[in-house]
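Read through the structure below, which is laid out as structure tokens, and then see the notes.
Just so you know, all these numbers are worked out from the coordinates, no wet-lab data involved. As the structure is a computational prediction, the values presented were derived from the model and not from experiment. Please note: Cβ atoms are built from the backbone with ideal geometry, for glycine as well, and neighbour counts cover all protein chains shown.
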Amino acid sequence: MLHLLADQTPERAQQPYAEAVARLASIRHALRLVQTLGDGPSPDLPDEDQAIARRWDEAGEAARRRFDQRSAELVGATAAGLQALLATRDTGTRPHPEASKFLVDQIRRELADVARVVLD
């Protein structure tokens, strides 16, 4: 079974940008899984990751905490969506392509919103 769980231990110390970028990368990896279950495309956005890495130290503590909170929520929502698609597949049916597309589109919107926490 796939588990994409955010670290539930809140850490108030400054987190390195590598962990932040890795969290977004894991979500994009989940998009690739959705693509194999449905028909949605799932390109990586490495330029965005590099931009976050460059701006991470400039972001204030509040922005970094907000990024951590929003990305943790996104990891949880992504895991729930994938589990729903997998549960459908486990019943012997193929997930509806529109459901997969909706999930992919929603995850992409949320990824962009989370990235803007640091990039704006």
Checklist line | Full-extension gain in nm, GLN69 to GLU19, via 0.36 nm per residue minus C-alpha separation | finding: 16.7 nm
Next item on the list: State to the nearest 20 debye the size of the charge dipole of the range 54-102 about its Cα centre, where the only charges are +1 on K and R beta carbons and -1 on D and E beta carbons.
Entry: 120
Next item on the list: Kindly list the residues of the range 47-80 that lie in the label zone of SER26, defined by a backbone N under 19 Å from the point 7 Å along the Cα-to-C-beta vector.
Entry: 49-50, 52-53, 64-80
Notebook entry, point to check: Ranked from highest to lowest mean number of other Cβ atoms within 10 Å per residue, what is the order of the peptides 52-61, 94-103?
Noted result: 94-103, 52-61
